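The values are calculated or read from the model by the stated rules, or taken from the named source; none is laboratory data. Predicted model, so just to flag it, every value in this text is computed and none were measured. Because the Cβ atoms are built from the backbone with ideal geometry, glycine has one as well, and the counts that use them run over all protein chains shown. Note: accessible area is taken over every heavy atom of the protein model, side chains too, but ligands, DNA and RNA are not part of it. Shrake-Rupley method; radii C 1.70, N 1.55, O 1.52, S 1.80 Å.
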Amino acid sequence: MYHAGYARGVRGLVLLPAIALCACNDYELSETKVRPDGELACDDDDAPPGSAADVDADCAREPVVGTFTPTVEWQWNQNPVYSGYDDLMATPAVGDVTGDGVPDVVFTSFAGGAYTSAGTITAIDGATGTTHWSVAPGVYSSAGVALGDLDADGLPEVCTAGTSYAVVCLDGAGNVKWQAGAEPSYVGCPAIADIDADGLAEVILGRQVFNYDGSTRWVGGGGVGYSMSYAVDMDGDKGLEVVAGSTVYDTDGSVLWTSPVGDGMTAVGDFDGDGGADLVVVYGGTISLVRDGALVWSIATPGGGGGPPTVADFDADDQPEIGVAGAYYYSVIETDGSVSWSMPVQDYSSSVTGSSVFDFEGDGASEVVYADEVTLWVYDGSTGTVELALDGHASGTLYEYPLIVDVDDDGSSEIVLASNNYTFSGYNGITVIGDASSSWVASRPTWNQFAYHITNINDDLSVPARQERNWLSWNNFRAGGTPEGPSDWLPNLVPGELASCVDECAGSVTLWPTVENNGQLSAENVLVELVGDSGVVIASTTVARVEAGEVAVADPITLTEAEWGTAPIRVRVDGANIVEECDESDNMSNGGKWPCP
């Protein structure tokens, strides 16, 4: 913790002993800086730095367990602009691209079974399924979609794989902004990230990286990963590396390392708890774990095949597992490569579909959502027990998987399912499934790309300039959730040290209250009050945000001796109990008496 007596290089400071000890919660309050030169006023140089706090892993409310009563909320199964282009064989994306405050579902589609040819890209309203726009600008009909504000102008772009160009990017109204790249892929799934942390995002497809304006940044010389690549900070250098199947490219396009497994589909997680990124690779009927380019283990995919891997804590043991669908089974693989469970499925068409994971009921137990050729399955993450088998779905299947997202932004999650009648009869288009009592816990209104992980995008589709390493906070990949944490997490706010600076003890003191959050959830707009005689509030300030595990510094308050009074001053945080905390009894501390003789 910071002690206000730490000079931080300030000119000519004399440090006096601590002015008081806290009488309420065992926190040692600050020492006081005294400026001997009356011409020097206390300023921001005297403010304490923010610091870290211990986090109480039990700081949570009793979860309100919801029900699991799935119901179809709405369906989109006819394209009103391009007749017949209403079959989907690719994962959609969700986010507000039209700017009306409601999430949109954006997807490519095909007609007449031509899933490898040119198709349409369409945006529909996430609350109603109403079509906003549908265009055909030379995009592949089974390509993935990525959403993000590339140029940081507050208006998100929509990017997908083109037929003549590798990537086609549109504005939120469906107008083409640029097309670029010489390595197209009919199943390509672009990803968006700010790989060099300059505030402008890049678009990635396979081993190709394009700047926000469509100019080519670089083209790598190694793997492409089925053109389903993405960017994460693999080596902890703050820049982002591009993971493209067998190859991890550095920020500048040079090869960081190459996997010995093959140019497959991947996901990232920390499987040994060392804080580093491990790579899951599914390729050629095998599931492998690779660390720093070296093979850790490899097993045959149960039932053969194998689609894009999902990483999550399936069984609530605080360890990540891997979910992979094959031709005949959906399987969950433990950290050491052993099979936890397998359930029979039907995916003879491609044997490479994907899945997603989420705790719908808020009971601490995750569910797996997976769609094969004829059924939408929901499994208990721990055991594989079937919780839902929805038989209306149909798909010839490629790499698609269902999304778990608050598609109408009503505070309750939904499943977004893509379907087609290419081989089987049933649903086509988009089906949105929610809980009949709207009790499924909240998730994000955004799932912006095929290689989705929680920290790769903000809810408003702005792209983080510094993408957090998702495995340090969530340790999942293609799994639902919110950036804030599980729905039962709570903050816990306590007054930290009260740093002070006195100008010659000649009449005023400048104070910097600090607020410690040792809960699991961040808190916003935290009121901090200085309380004097008889409970009278002398002054107040606010802290905009206190992250979990952080000690945040409030704006300074200057008091005269008369305002301070003769009694010890007290520091109170969240006195009106606006923020729900796991302990409401530790919000007051003793700031001591006037610090000067």
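Name the strands (runs of 3 or more DSSP E) wholly within region 1-107 that hold at least 3 residues that are modelled with pLDDT under 85 and over 24 Å from L493 (Cβ atoms)? Quick ask: steps written out before the conclusion?
On the way: elements: 14-18, 31-35, 70-76, 93-95.
Qualifying strands (runs of 3 or more DSSP E): 14-18, 31-35.
Restricting attention to region 52-74, report how many residues are under 30 Å from G154 (Cα atoms) and touching a Phe, Trp or Tyr at 6+ places or on another chain (Cβ under 8 Å). Give the steps one after another, and end with the answer.
Here is the first cut: in region 52-74, the residues under 30 Å from G154 (Cα atoms) are 74.
Filter once more, keeping what is touching a Phe, Trp or Tyr at 6+ places or on another chain (Cβ under 8 Å): none.
Summing the residues that are under 30 Å from G154 (Cα atoms) and touching a Phe, Trp or Tyr at 6+ places or on another chain (Cβ under 8 Å) in region 52-74 gives 0.
Yes/no matrix, rows are residues, columns are (1) in contact with a Cys (Cβ under 9 Å, 6 or more places away or on another chain); (2) touching a residue at least 12 places away in the same chain (Cβ under 8 Å):
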{"residue": "P486", "(1), (2)": "no, yes"}
{"residue": "N517", "(1), (2)": "no, yes"}
{"residue": "L521", "(1), (2)": "yes, yes"}
{"residue": "V526", "(1), (2)": "no, yes"}
{"residue": "S534", "(1), (2)": "no, no"}
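Condition first: over 14 Å from W341 (Cβ atoms) and either open to solvent by 40 Å² or more (accessible area, probe 1.4 Å) or at pLDDT below 95 (or both). Now tell me which residues in region 300-311 satisfy that.
If the condition is that a residue be over 14 Å from W341 (Cβ atoms) and either open to solvent by 40 Å² or more (accessible area, probe 1.4 Å) or at pLDDT below 95 (or both), then A300 is the only one that fits.
Please work out if A523 is surrounded by 19 or more Cβ atoms within 10 Å (Cβ to Cβ), closer than 30 Å to R444 by Cα and under 28 Å from the mean Cα position of the chain (by Cα).
Working: surrounded by 19 or more Cβ atoms within 10 Å (Cβ to Cβ): yes; closer than 30 Å to R444 by Cα: yes; under 28 Å from the mean Cα position of the chain (by Cα): yes.
Against the criterion (surrounded by 19 or more Cβ atoms within 10 Å (Cβ to Cβ), closer than 30 Å to R444 by Cα and under 28 Å from the mean Cα position of the chain (by Cα)), A523 qualifies.
What's the number of the only condition in (1) assigned to a loop (DSSP other than H, G, I, E, B); (2) out of contact with any strand residue (DSSP E or B) (no Cβ under 9 Å at 6 or more places or on another chain); (3) of a type in the set (S, T, N, Q) that S534 fails to meet?
Going through the list (1) assigned to a loop (DSSP other than H, G, I, E, B); (2) out of contact with any strand residue (DSSP E or B) (no Cβ under 9 Å at 6 or more places or on another chain); (3) of a type in the set (S, T, N, Q), S534 breaks only (1).
Go through region 79-101 and give me each residue that's of a type outside the set (V, I, T) and surrounded by fewer than 24 Cβ atoms within 10 Å (Cβ to Cβ). Spell out the reasoning first.
Start the filter on region 79-101 by keeping residues that are of a type outside the set (V, I, T), which leaves 79-80, 82-90, 92-93, 95-96, 99-101.
Hits for region 79-101 are N79, P80, Y82, S83, G84, Y85, D86, D96, G99, D100, G101.
Here is a list: V242, V261. Which entry is part of a loop (DSSP other than H, G, I, E, B), over 14 Å from V324 (Cα atoms) and of a type in the set (A, V, I, L, M)? Give the derivation first.
Details: V242 fails: part of a loop (DSSP other than H, G, I, E, B).
Only one candidate passes the filter, namely V261.
Which condition number does V203 fail, the rest of (1) open to solvent by 20 Å² or more (accessible area, probe 1.4 Å); (2) among the aliphatic types (A, V, I, L, M); (3) under 25 Å from I454 (Cα atoms) being met?
Failed condition: (1).
Based on this model, can you work out whether D574 counts as among the charged types (D, E, K, R) and under 36 Å from the mean Cα position of the chain (by Cα)? Working first, answer last.
Values: among the charged types (D, E, K, R): yes; under 36 Å from the mean Cα position of the chain (by Cα): yes.
For D574, the condition - among the charged types (D, E, K, R) and under 36 Å from the mean Cα position of the chain (by Cα) - is met.
Pull up region 539-559, narrow it to residues that are over 13 Å from S500 (Cβ atoms) and β-branched (V, I, T), then point me to the one that is most open to solvent (accessible area, probe 1.4 Å).
T542
Just checking, which of V332, V416, V386 is farther than 22 Å from Y85 by Cα, under 28 Å from the mean Cα position of the chain (by Cα) and open to solvent by less than 30 Å² (accessible area, probe 1.4 Å)?
Values: V416 fails: farther than 22 Å from Y85 by Cα; V386 fails: open to solvent by less than 30 Å² (accessible area, probe 1.4 Å).
The match here is V332.
Considering region 131-151 alone, what residues qualify as being touching an Asp or Glu at 6+ places or on another chain (Cβ under 9 Å) and either open to solvent by less than 60 Å² (accessible area, probe 1.4 Å) or in contact (Cβ under 8 Å) with a residue 60 or more places away in the chain (or both)?
Of everything in region 131-151, those that are touching an Asp or Glu at 6+ places or on another chain (Cβ under 9 Å) and either open to solvent by less than 60 Å² (accessible area, probe 1.4 Å) or in contact (Cβ under 8 Å) with a residue 60 or more places away in the chain (or both) turn out to be T131, S141, S142, G144, A146, L147, G148, D149, L150, D151.
Given the conditions (1) closer than 13 Å to E516 by Cα; (2) in contact (Cβ under 8 Å) with a residue 24 or more places away in the chain, report the number of the one that E561 does not fulfil.
Only one criterion in (1) closer than 13 Å to E516 by Cα; (2) in contact (Cβ under 8 Å) with a residue 24 or more places away in the chain is unmet by E561, namely (1).
Spot the failing condition for C159; the list is (1) over 25 Å from S141 (Cβ atoms); (2) of a type outside the set (V, I, T); (3) crowded, with 24+ Cβ neighbours inside 10 Å, and only one is missed.
C159 satisfies all of (1) over 25 Å from S141 (Cβ atoms); (2) of a type outside the set (V, I, T); (3) crowded, with 24+ Cβ neighbours inside 10 Å except (1).
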